[in-house]
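Student: Can you read through this structure? Questions will come right after.
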Amino acid sequence: MNQRLRQVLIVAAFFGIPALLTLSLIGSDHAEDAQRGTQPGGVVHGRVLDPEGAALAGVPVVLILDPSEHAGSEDLSGAETATAADGSFTLQAKPVDGRYTVLAGGGIWQHAARAYSFIGRDEKQEFALRVQPGCELEVRFTRDDGGAVGPASYTFEGRAPASWLSLFGQPPLRRKGRIEDGELRIGGLPPMHAQLYVRFDNGHSLELALELEPGHTLKNIQL
């Protein structure tokens, strides 16, 4: 696996995008959107749509600098924003040798990825990403005595069921992090069976089995 592809998959995994879906989306772009080369940088204009083509407001969008295999040490950080009421977004792109990847999604929308290039692109052509309905998990931890819940570490693991992209299901998804204020929120997930492992700094731990369906799932856990 070359360095460019490895970096894109690492970043996509952070956002919860299964590897097979990432490869499918990035590899299926129109040629005018995906040409590699010395990118001059500039403003990326686009729109985020639902599966029926309706505009989506408030969807997070991130630009990843997607360098060629000859620039593996290049910084991948880019710009980020959220879509306007008409689903539109603008991102300021840095110059890069290679091309870019635009990621959209989060909350109750699954993440979608698409490659982007200024080279050979018709400025009048709309750059659009379609996102699928997804799942957002929110867990609130409270104490029965009304006291504050101490900090904790969590591990979230799940696997989406089989789809047309893979007869064997998607690769497992894992997230790790900290819970500092008694609330945990993870969005942009596909429907899935999942397990949440929480270990509080005071030594107490718990495990939750979850069935995530499209939309917002709220779990109130009293300790």
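The values are calculated or read from the model by the stated rules, or taken from the named source; none is laboratory data. Since the model is a prediction, treat every value here as computed from it, not as a measurement. Note that each Cβ is placed from the backbone with ideal geometry, even for glycine, and that neighbours are counted across all protein chains shown.
Student: So which strands (runs of 3 or more DSSP E) stay within the range 73-117 end to end and still have 2 or more residues that are assigned by TED's automatic domain parsing to the domain that holds A54 and at pLDDT below 90?
Tutor: Passing ranges, in order: 96-106, 109-116.
Student: Next up: Would you mind listing the strands (runs of 3 or more DSSP E) fully within the range 24-68 where at least 3 residues are modelled with pLDDT under 85?
Tutor: In the range 24-68, the matching strands (runs of 3 or more DSSP E) lie at 60-67.
Student: Related question: Out of the range 127-146, which residues are in contact (Cβ under 8 Å) with a residue 60 or more places away in the chain, outside any strand (DSSP E or B) and more than 19 Å from A79 (Cα to Cα)?
Tutor: Passing the criteria: V131, Q132, G134, R143, D144.
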